[in-house]
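Following: one structure in structure tokens, then a few remarks.
Bear in mind these aren't lab numbers, they're just calculated from the coordinates by the rules spelled out. Just so it is clear, the model here is predicted, and its values are computed rather than measured. Ideal geometry is used to build each Cβ from the backbone, glycine not excepted, and the neighbour counts take in all protein chains shown.
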There are 4 protein chains.
Amino acid sequence: MTIHRRMELLTQKLAEQCRQIDRKSIDRFMAAILGAKRIFIHGAGRSGLVGRAFAMRLMHLGFNVYVVGETTTPPIREGDIYIAVSGSGKTSTVLAIAKTVKTLGAQIAIITSHPDSPMGELANLRIVIKGREPTRGGHDYLARQLAGQHEPLTPLGTLFELSAMLFLDSMIEELMIAKNKTEGELKTLHTNLE
Amino acid sequence: MTIHRRMELLTQKLAEQCRQIDRKSIDRFMAAILGAKRIFIHGAGRSGLVGRAFAMRLMHLGFNVYVVGETTTPPIREGDIYIAVSGSGKTSTVLAIAKTVKTLGAQIAIITSHPDSPMGELANLRIVIKGREPTRGGHDYLARQLAGQHEPLTPLGTLFELSAMLFLDSMIEELMIAKNKTEGELKTLHTNLE
Amino acid sequence: MTIHRRMELLTQKLAEQCRQIDRKSIDRFMAAILGAKRIFIHGAGRSGLVGRAFAMRLMHLGFNVYVVGETTTPPIREGDIYIAVSGSGKTSTVLAIAKTVKTLGAQIAIITSHPDSPMGELANLRIVIKGREPTRGGHDYLARQLAGQHEPLTPLGTLFELSAMLFLDSMIEELMIAKNKTEGELKTLHTNLE
Amino acid sequence: MTIHRRMELLTQKLAEQCRQIDRKSIDRFMAAILGAKRIFIHGAGRSGLVGRAFAMRLMHLGFNVYVVGETTTPPIREGDIYIAVSGSGKTSTVLAIAKTVKTLGAQIAIITSHPDSPMGELANLRIVIKGREPTRGGHDYLARQLAGQHEPLTPLGTLFELSAMLFLDSMIEELMIAKNKTEGELKTLHTNLE
């Protein structure tokens with residue numbers, strides 16, 4: 001399989017993933033973001049990077065948004081929303097913070113493949129994005145690939161992370177429309193210090 | 001347009017973007033990564049986050065890989081490769097580092113929309129991923145959107161960043177095959193400190 | 001009080017703090033670092049920054065050293081040492097990781113004001129650096145200051161963090177001597193990508 | 001020399017360094033911080049970590065403060081101040097940003113050992129903190145140390161970085177007094193997400 005065919009299949013797979021995200025959850029997520037006083041984004045590893053890409057655009061849209069763990073992130077309070085990106089829903093550092101947030105009365109939203117995870121159970125809002133299903137043929141996708149089963153390999157959390165990024169960037173578009181913001185307006189809030 | 005339709009169109013757009021990436025450049029990029037002693041990844045903003053997502057997977061594959069600007073990143077030397085992600089090809093901090101790298105004799109690869117940019121000209125290797133074409137109807141995609149032209153909005157560098165992430169994750173799959181690595185092997189190199 | 005007088009008093013306070021660090025703990029800490037296969041540094045907030053400043057110099061000395069939470073940090077294994085900087089000894093994200101490290105069989109060292117804290121109890125090695133004693137006159141140092149009690153204010157963890165940085169930089173000097181490294185040698189390992 | 005003696009000498013050396021910081025520069029720096037609309041902190045390597053430790057406390061004091069390069073840092077504008085920490089005054093990424101800031105009309109302050117450096121020349125305000133003087137006996141402090149010259153080794157930028165941190169923490173105390181803030185008030189702005 002050529003890499004171009006691989007990318008083609010991957011986009012189809014992502015489209016399939018995104019189709020399965022529950023519409024009502026998205027509406028509630030949208031309303032929660034628009035209604036929150038401030039937004040705190042959190043995640044570890046590649047999920048954390050996806051969360052930060054979302055945070056950056058929220059800032060361009062004029063939201064008060066912070067990344068948990070960065071230098072000047074303030075304390076969270078009631079009226080704020082904490083959004084965690086965690087495929088497994090049980091990343092220990094993220095879970096530790098989510099438990100604290102729970103006691104502080106802020107809202108918790110999670111983007112996860114596992115709504116029944118410890119983080120999923122803490123959350124007020126769950127966006128469920130399927131990851132790969134490891135039961136179908138076990139974790140060794142390479143074997144299947146070499147055997148001619150032309151699915152994307154998408155090792156570890158790749159499929160979840162890419163789908164989450166695509167979903168969150170689509171959320172940004174919805175928020176642009178909801179807040180009636182043009183690209184030019186986003187640009188004026190883009191940092192000029194790179 | 002519903003958000004599900006928006007995501008659908010976005011994946012189609014990404015597929016279209018990826019189809020246009022030059023095959024020969026990819027082959028050279030692949031060979032350069034496999035042949036490098038060590039790999040240094042760099043980028044600012046959302047492009048930097050995409051670069052880091054790639055760096056993390058390269059680490060899982062067993063490469064000696066570092067992110068420019070992180071705490072324990074060593075000096076670059078001849079035989080190493082420096083990979084920058086920069087849509088515009090002229091991000092000032094990235095360009096400053098690339099110029100230094102040039103004098104040190106390491107290879108420079110750039111993933112960019114602008115191969116004719118200052119960074120593109122410094123680079124030994126260019127992966128060109130088209131960004132949006134702002135000339136078609138100006139930068140105000142929202143107006144077009146509202147006028148019923150159902151293209152994804154993808155403000156600012158979004159389309160470049162998503163395409164770059166998708167491309168780099170496909171590169172990871174190619175590298176898994178080239179290095180004959182199973183997902184299980186990647187897992188043993190995934191950090192256990194999250 | 002002038003700022004110059006303030007700085008003078010602060011250095012005296014730091015000297016006093018450092019005098020109280022137990023010599024035997026330092027010897028054991030030194031031996032543990034020299035004997036470890038790889039070193040993992042962790043901390044949150046300003047303590048985390050102090051830890052990273054230490055990590056950077058350890059890298060210049062040729063150690064295999066990583067910062068927990070950075071992009072290409074590998075998994076920890078037996079034979080490695082995990083060093084946490086936490087004044088309170090109960091920072092939740094640091095504690096969550098320390099518990100994981102415990103199950104993985106790596107050594108745990110903590111630099112803390114509270115050796116009897118949850119983290120202190122998990123650790124194999126404790127370096128105790130006194131923080132301010134809030135009981136003497138309560139937490140409101142400003143009142144005392146204004147009342148003419150010319151102690152440094154050092155709000156929150158400042159005294160612990162500065163003392164820890166000073167101690168860790170002195171450790172670096174000891175390690176230079178132990179490993180017989182000149183400053184010139186450190187320089188060759190300093191990143192050339194800033 | 002024992003490590004305790006080493007720490008003692010180091011604090012004396014720091015006190016000596018701090019005594020030499022020009023009072024008038026400090027007054028102007030203080031006024032600039034108090035008068036700025038927003039504060040942007042920047043630095044690379046260990047100097048960058050020192051800058052971030054300062055940024056964190058400024059946030060606790062209620063300032064609008066951002067670290068250049070972090071996820072949600074906004075664009076700088078006239079009326080803002082950009083504070084760079086750079087011993088050499090010529091770190092390439094920091095210099096690249098400072099040049100941009102200059103064109104945007106914000107104030108530039110630099111904490112440096114070299115006021116006559118490219119960054120020093122760009123700046124409106126210079127805080128000069130002497131680093132080690134490498135001419136006295138060359139860079140090889142280890143040789144001198146072993147020869148019985150009991151000065152602290154403080155390799156590379158260590159002396160500058162420690163002095164800068166000590167100075168900036170003393171500035172925080174001055175700012176507490178200027179803004180009439182108690183430690184308790186700082187605590188309410190300390191993040192609760194660690």
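Relative to the longest principal axis of the Cα atoms of chain D, the long axis of helix D:3-19 lies at roughly 50 degrees. The angle between the Cα long axis of helix B:45-60 and the main principal axis of chain B comes to about 40°, on a 0 to 90 degree scale. In nanometres and ascending order, the distances from the residue B:35 label point to those of the other copies are 4.6, 5.8, 5.9 (point 7 Å from Cα along Cα→Cβ). A label point on residue D:16, set 7 Å along the Cα-to-Cβ line, lies at 2.3, 6.9, 7.1 nm from each of its counterparts in the other copies, closest listed first. Taking the axis that rotates chain D onto chain A, the chain D residue nearest to it by Cβ, with the distance rounded to whole Å, is D:70, 2.
The Cβ shell under 14 Å around residue C:75 holds other residues with a net charge of -1, Lys and Arg each +1, Asp and Glu each -1.
Counting Cβ atoms of other protein chains within 10 Å of each Cβ in A:10-17 and taking the mean gives 6. Shape analysis of the protein assembly as shown places it in the prolate category; the axes a ≥ b ≥ c from the Cα gyration tensor give an a/c of at least 1.5, with a/b above b/c. Each of residue A:187 and residue C:178 was given a label point 7 Å from its Cα along the Cα-to-Cβ line. The distance between the two points is 5.6 nm. In chain B, if the dipole is taken from +1 on Lys/Arg beta carbons and -1 on Asp/Glu beta carbons about the Cα centre, which of B:32, B:190, B:71 is farthest to the positive end? In chain B, that residue is B:32.
Helical runs assigned H by DSSP (4 residues or longer) give the protein assembly as shown a calculated mean residue ellipticity at 222 nm of -16000 deg cm²/dmol, each run adding -39500 (n - 2.57) before division by the residue total. Between residue B:37 and residue D:5, the C-beta separation translates, for a Förster distance of 51 Å, into a calculated FRET efficiency of about 0.75. Arranged from fewest to most other beta-carbon atoms within 10 Å of their beta carbon, B:42, D:4, C:60, D:114 become D:4, D:114, C:60, B:42.
If you line up the long axis of helix A:92-104 against the longest principal axis of chain A, both from Cα atoms, how many degrees apart are they, to the nearest 10? It is inclined by approximately 30 degrees. Label-to-label distances for residue A:5 across copies, nearest first, come out at 3.4, 7.3, 8.1 nm, using points 7 Å from Cα in the beta-carbon direction.
Counting Lys and Arg as +1 and Asp and Glu as -1 over every other residue whose Cβ lies under 14 Å from the Cβ of residue C:28, the net charge comes to 0. Would you mind checking the pairs D:37/D:181; C:90/D:187; A:187/D:181 and listing those with alpha carbons more than 27 angstrom apart? Over 27 Å apart, Cα to Cα: A:187/D:181.
Taking Cα centre as origin and charging only the Cβ of basic (Lys, Arg, +1) and acidic (Asp, Glu, -1) residues, the dipole magnitude of chain B rounds to 200 debye.
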